[in-house]
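Report on the structure given below.
The values are calculated or read from the model by the stated rules, or taken from the named source; none is laboratory data. All values derive from a computational prediction rather than experimental measurement. Cβ placement follows ideal geometry from the backbone for every residue including glycine, while neighbour counts extend to all protein chains displayed. Calculation scope for accessible area: heavy atoms of the full protein, side chains included, ligands and nucleic acids excluded. Shrake-Rupley method; radii C 1.70, N 1.55, O 1.52, S 1.80 Å.
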Amino acid sequence: MSRKKGTPLNDLFWDRVSEVLAGQGLQYADLWQTVVRNKNTYTNWRNKKTVPRISDVEEIASALHVSPADLLRRSEEQAPARVAEQLLLPFEPRWRGAKLELECTQVGFVLRIPAKRAS
């Protein structure tokens with residue numbers, strides 16, 4: 001990240017850190033016990049005078065048990081938790097294909113398997 005102060009990305013990052021901390025019932029003091037820096041660094045970060053380095057973002061995300069990407073997107077853009085890394089489709093033995101519906105949303109894709117029609 002750039003070292004300039006007052007950037008929208010820096011504001012977004014610290015707003016998200018605050019949200020994640022609140023959601024976990026933690027305070028910044030709890031975070032600083034894991035992400036050890038000198039007092040001036042904490043003060044500059046919290047007052048948004050400096051922007052954390054990528055390695056700092058990674059360390060902060062790790063301490064909060066989230067991905068760095070989770071701290072760099074608006075909360076309304078948060079994707080739902082992943083159910084699985086791989087999708088298993090219910091094919092029957094003699095099927096040669098299937099009809100699927102794919103919808104693109106703001107938070108990702110929605111895949112639907114239409115119900116079978118009565119014959």
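Okay, here's what the table says:
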| item | result |
| --- | --- |
| Which listed residue, of Glu58, Glu19, is free of Cβ contacts under 8 Å to residues at least 12 places away in the same chain and in a helix (DSSP H, G or I) | Glu58 |
| Odd one out for Gln86, checked against (1) open to solvent by 70 Å² or more (accessible area, probe 1.4 Å); (2) at pLDDT 70 or above | (2) |
| Selection count where residues are of a type outside the set (A, V, I, L, M, F, W, C), open to solvent by less than 60 Å² (accessible area, probe 1.4 Å), in contact (Cβ under 8 Å) with a residue 12 or more places away in the chain and assigned to a helix (DSSP H, G or I), scope the range 23-51 | 2 |
